[in-house]
Every structure is written in C-alpha cells, then in structure tokens.
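For reference, the structure discussed in these notes is given below.
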Amino acid sequence: LDAIGSYRLSLMATRTLFCVIFMVFCAFVDTRSLQNGDSPRHVHISYGREVTEMIITWSTVMDSPTSVRYGLQGSTMSLETAGSQVQIVEDSNVQYIHRVYLQNLDVNTSYSYKCGGENSWSDVFVFQTMPNGTDWSPRLAVFGDMGYANAQSLNRLIKDTNSGLYDAVLHVGDFAYDMDSEGGVTGDNFMAEIQPIASKIPYMTSPGNHESWNNFYHYKQRFTMPRSGDDMYYSFDMGPIHFVSISTEYYYFVHYGLFKISQQFQWLQNDLKSANDNREERPWIILFGHRPMYCSNNNTADCTNQNTVTRVGLPFVHWFAMEPLLKEYNVDMVIWAHEHSYERLWPVYDTEVLNGSYANPYTNPGGPVHIVTGSAGCNERTSSFIPNPPVWSAFRSSDYGYSRLTVHNKTHLYFEQVSDDQNGKVIDSLWLIKTKKQ
C-alpha cells in the first residue's frame with residue numbers, strides 16, 4: 001500500500017470505531033436527555049373560570065419543574081406561580097403534561113410569560129386578559145377537523161393571529177388525526193404546530209370522534225379547559241357571549257359509560273337555564289360541539305339520517321334529546337364540525353325553517369342558526385354534498401377554510417367563512433340580529 005492507501009484505511013477504521021462506540025453509548029444512555037428533554041414544548045393557554053384567570057399548559061419529555069414566570073408586558077417577569085404535572089404514556093413515548101393556573105390578573109392587560117423551571121425555560125410569550133364586563137366585541141377563529149398533516153388553514157390562521165385579528169380560538173373537535181397515532185408522536189407534532197397560535201390566544205376546545213381512543217385519554221391530558229373534572233364539557237363567558245362546549249361523543253361511544261350522557265344532559269339543562277335567565281347582562285348563547293345535528297353531506301353514517309341521536313335522543317326511548325333544549329332556552333347559534341366542509345343553515349328547529357322574515361331571515365329568528373365548519377384540513381381531505389340541498393340548508397362549500405366570529409354588541413353578531421382554496425377570500429357571511437328581548 002502507498003501512503004494514500006494507508007491513510008484511507010486508517011480513516012475507515014476510525015469511522016467504524018466511532019460508530020461502534022456511539023451505538024454502545026446510545027444503548028446505555030437515555031438519549032432524550034441529549035434533546036433537552038426538560039425543555040418546555042407545546043405551550044398553549046386557555047381561559048379559566050374567572051376573567052382574571054389564565055391557564056398555561058405545556059409538555060416536557062423528562063420529569064421537570066412546573067412553574068410560570070410572568071409580569072406586565074414590557075416589565076420584568078417578577079411573578080411566579082407553581083402548578084402540577086401528570087405523566088402520560090403512549091407505547092414508548094413518555095412525557096409530562098404541566099398545568100399552571102394564573103389568578104388575580106389585571107383585566108384587559110398584556111402579560112409576558114415563560115414556563116418551565118430551574119435552568120430550563122421556554123421562550124417568552126405574550127397573552128392578553130379579557131376586558132371586564134360585557135360591553136366589548138369578542139373576535140374568534142372557529143374551525144374543526146384540523147390535522148397535523150394537510151393542515152391547509154394553519155398558515156393563514158397563524159398570520160391572522162400575529163395580525164391581532166382574534167381574541168381566542170374555538171377548535172370544535174378532531175385534532176392531529178390522531179393524537180395517539182405513532183405512539184403519540186402525531187399528537188406531539190400537532191401541538192407543536194399550533195403553538196404559534198395557542199401560546200398567544202386561548203385555544204378553547206371540544207372533543208371529537210378522533211379523540212376517542214382509550215376514553216379520550218390524550219384529549220383529557222393535553223388540553224385544560226375551565227371546568228374541573230375531565231373537561232369533556234364546560235361553559236365560559238366572554239363579553240356579551242355565554243359559550244357552551246359539549247361532548248357529542250358521549251352519544252356515540254356509550255361503552256365508556258351511558259351515565260355520562262345523563263350527567264352532561266342535566267348539566268347542560270341547568271347551564272342553559274341559568275344563561276337564559278341572565279339575558280339582560282349577557283344576551284348571546286352560543287353552543288359548540290363536534291357532530292352536527294343537521295348536515296347535507298354525502299355521508300350515510302351521519303348526514304343522510306336526519307334523526308341524529310344528539311338531536312332526537314337515544315334510539316326508541318328518545319332520552320336526552322338536546323335539540324329541544326336549544327329551542328326552550330333560546331340558543332342563538334350552534335357550531336359543529338365533523339363534516340370536512342362548510343355549511344350554513346337557515347334558522348331551524350325539528351327540520352322546520354324558522355326565519356325571522358322573508359327579507360331578513362336572521363333578524364329575530366324563531367330558532368337557532370346552525371353552522372358546520374370542519375374544513376380546516378386533515379389527511380381525510382374535504383367532504384362532498386348530496387346533489388339537492390334540504391330546505392334548511394342555505395349555503396354549502398367544500399373548499400378548505402375556517403370561520404370568523406365577531407359579536408359586535410348585544411344585538412349584532414357577524415359570522416363569515418374564509419376559503420383557503422381562494423386565497424383567503426370570504427365566501428359566505430351572515431349578520432344575526434336581535435331587536436327583541438328573549
């Protein structure tokens with residue numbers, strides 16, 4: 001061998017030895033520690049029970065401290081609050097979900113915050129608390145069925161959020177597709193994907209059918225909503241709006257406990273009665289849940305059967321029918337997802353159209369307005385419709401997109417649909433107007 005050949009052999013031997021040493025090292029060392037496993041990730045916030053509260057939730061790979069440092073934006077983050085953590089396991093994917101409840105915050109105020117503890121902290125984020133009272137105009141992004149893959153609306157939603165268009169998000173079920181897939185890695189990727197939105201404005205949720213694995217395990221652990229317990233249903237106030245989030249999935253996964261339907265139904269009845277009695281202060285009631293009561297998609301499992309169990313109750317006995325509650329307590333708007341499309345209905349009850357008038361159907365209507373907005377983008381693509389729309393269907397689109405909701409005051413609500421297929425064009429809108437006391 002010449003000198004060059006000897007050098008090449010020596011280099012190959014060195015590389016081989018290095019690879020062997022590295023493989024032995026990996027076999028005996030938890031390589032997650034090399035990835036800053038105690039670094040906070042998947043940071044997201046949600047409203048608490050009071051206007052002066054905010055809930056911070058995040059994940060770490062390793063067991064690590066649970067604390068949030070915060071302060072008025074522009075000042076030092078001199079305040080600190082500790083929280084709790086829980087371990088979740090999916091196959092070999094072990095992680096820790098951390099929760100901190102910030103209380104006694106100033107209203108209508110911007111705070112800087114970071115989460116973690118000791119020597120490992122997240123980036124610094126900013127949130128703003130709600131204004132006090134009811135005389136302000138909440139603005140929300142509204143959508144369902146957004147996955148990690150093919151999240152068509154995500155970039156535009158991030159841009160909207162960075163532009164200050166929204167105060168909060170309503171994600172109406174079906175996350176990641178699915179959060180438990182690939183040993184939970186799909187859920188991890190999705191939570192990282194929404195962090196640019198969810199770390200800045202409250203990300204309010206309801207469960208969908210794609211969260212059902214192991215009794216909605218990942219949904220219950222990864223998100224923190226205002227109600228104590230498993231957060232499958234809850235309500236919260238936002239300015240002149242009373243929002244109600246329900247689990248439609250209790251009606252479809254009864255093997256997880258039929259009593260859950262009864263519990264939620266009783267809670268819903270009490271919550272809506274209380275909200276309806278409080279119309280003078282907070283005139284708007286908006287309910288959201290995953291599976292629609294009405295839809296006209298070409299879907300034999302859901303839409304072509306108008307007698308959905310959430311609407312008419314359990315088969316044969318018709319127990320726990322929710323649509324009569326919507327009418328009895330004058331719910332103004334109901335928002336669904338599940339179908340990967342957008343559909344706006346005329347005001348309707350028991351399949352009968354109850355427009356306010358021929359010229360102004362959404363002024364003082366006789367029933368709630370149903371919206372289906374499930375086209376934010378996932379790996380199942382969008383859904384088609386049956387050729388002839390039912391009489392209660394006012395507008396339909398299979399474009400990818402999402403919705404925007406603004407309640408301007410105690411009498412005027414504005415809702416619009418944005419198409420991602422048409423570069424952010426608003427393809428549908430409505431004004432819901434109330435001039436009469438309910």
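Only the coordinates and a few stated rules stand behind these numbers; no lab work does. Note that the coordinates shown come from a computational prediction; the quantities given were computed from them, not determined experimentally. Note that each Cβ is placed from the backbone with ideal geometry, even for glycine, and that neighbours are counted across all protein chains shown.
Calculate, for Tyr414 and Val94, the FRET efficiency according to 1/(1 + (r/R0)^6) with r their C-beta to C-beta distance and R0 30 Å; round to the nearest 0.05.
The computed FRET efficiency comes out at 0.10.
Gap in Å between the Cα centre of region 282-300 and the Cα centre of region 67-108?
With region 67-108 and region 282-300 each reduced to a Cα centre, they are spaced 33 Å.
Counting other beta carbons within 10 Å of each residue's own, what order do Arg381, Arg222, Arg311 fall into, fewest first?
Details: Arg381 13, Arg222 24, Arg311 19.
The fewest-first ordering by Cβ neighbours comes to Arg381, Arg311, Arg222.
Could you state the number of Å between the C-alpha centres of region 365-413 and region 328-343?
8 Å
Using a simple spin-label model with points 7 Å from Cα along the Cα→Cβ vector, what separation in nm is obtained for Glu328 and Thr300?
Here the modelled spin labels are 3.6 nm apart.
Run lengths n ≥ 4 of DSSP H only: what is the helix-derived mean residue ellipticity at 222 nm for the chain, with -39500 (n - 2.57) per run over all residues, to the nearest 500?
On the way: 7 runs with 88 residues, N = 438.
Roughly -6500 deg cm²/dmol at 222 nm, from the helical runs in the chain.
Once you have the Cα-Cα distance between Asn214 and Asp350, take 0.36 nm times their residue separation minus that, and quote the gain in nm to one decimal. If you can, show how the numbers build up before the last one.
Details: separation 136, 0.36 × 136 = 48.96 nm, distance 3.41 nm.
So the extension gain works out to 45.6 nm.
Cα-Cα over 18 Å: which of Lys410/Lys436; Lys159/Lys220; Lys114/Lys200; Lys114/Lys220; Lys159/Lys425; Lys200/Lys410?
Those over the limit are Lys159/Lys220; Lys114/Lys220; Lys200/Lys410.
How would you rank 198-209, 55-66, 73-84, highest first, on the average number of other Cβ atoms within 10 Å across their residues?
On the way: 198-209: 24.3, 55-66: 21.1, 73-84: 12.9.
Result, highest mean Cβ count within 10 Å first: 198-209, 55-66, 73-84.
Got a sec to turn the phi values of region 102-118 into Karplus ³J(HN,Hα) couplings, 6.51 cos²θ - 1.76 cosθ + 1.60 with θ = phi - 60°, whole Hz, x for Gly and Pro?
Whole-Hz 3J(HN,Hα) from phi for region 102-118: 8, 10, 6, 7, 6, 6, 6, 9, 8, 10, 8, 8, 9, 10, x, x, 6.
Quick one: length gained pulling Met62 to Ile427 fully straight, 0.36 nm per residue minus the C-alpha distance?
Values: separation 365, 0.36 × 365 = 131.40 nm, distance 4.59 nm.
The span from Met62 to Ile427 would gain 126.8 nm if fully extended.
Using a Förster distance of 30 Å, how high is the FRET efficiency between Asn364 and Asn307, based on the Cβ-Cβ distance and rounded to 0.05?
Here the calculated transfer efficiency is 0.60.
Return the Cα extents of region 248-369 along principal axes one, two and three, sorted largest first, each rounded to a whole Å.
Reported extents, whole Å, longest axis first: 45, 36, 25.
Mind pulling up the Rg/Rh value for region 139-433? Radius of gyration and Kirkwood radius, both on Cα.
Working: Rg = 17.7 Å, Rh = 19.0 Å.
Here Rg/Rh amounts to 0.93.
Sort region 158-249 into rounded, prolate or oblate with this rule: let a ≥ b ≥ c be the square roots of the eigenvalues of the Cα gyration tensor; rounded if a/c is under 1.5, and if a/c is not under 1.5, prolate when a/b is larger than b/c, oblate otherwise. Mind showing how you got there, number by number?
Working: a/c = 2.32, a/b = 1.18, b/c = 1.97.
It is oblate, given that a/c is not under 1.5 and a/b is not larger than b/c.
Subtract the Cα-Cα distance of Glu281 and Ser137 from 0.36 nm times their separation in residues, and report this length gain in nm to one decimal.
Numbers: separation 144, 0.36 × 144 = 51.84 nm, distance 1.43 nm.
Using 0.36 nm per residue and subtracting the Cα-Cα distance, I get 50.4 nm.
Once a ≥ b ≥ c are taken as the square roots of the eigenvalues of the Cα gyration tensor of region 36-128, is the result rounded (a/c under 1.5), prolate (a/b larger than b/c) or oblate (a/b not larger than b/c)? Mind showing how you got there, number by number?
Details: a/c = 2.49, a/b = 1.70, b/c = 1.47.
It comes out prolate by the Cα gyration axes.
So what is the relative contact order for the chain, in percent, with contacts set as C-alpha pairs under 8 Å and at least six apart?
RCO, the chain: 14 percent.
Quick one: go through region 192-226 and flag any residue whose amide nitrogen is under 16 Å from the point 7 Å out along the Cα-to-Cβ line of Ile158.
192-201
What's the FRET efficiency of Ser110 with Thr406 using the Cβ-Cβ distance as r and R₀ = 25 Å, to the nearest 0.05?
Details: r = 21 Å, r/R0 = 0.83.
After rounding to 0.05, the efficiency reads 0.75.
Mind checking region 175-216 for GluC sites (Glu not before Pro) that DSSP puts in a loop (not H, G, I, E or B) and that have at most 16 other Cβ atoms within 10 Å?
On the way: sites: Glu182, Glu193, Glu211; in loops: none.
Answer in residue order: no site qualifies.
Between Asn388 and Gln73, how many nm apart are label points set 7 Å from Cα along the C-beta direction?
5.4 nm
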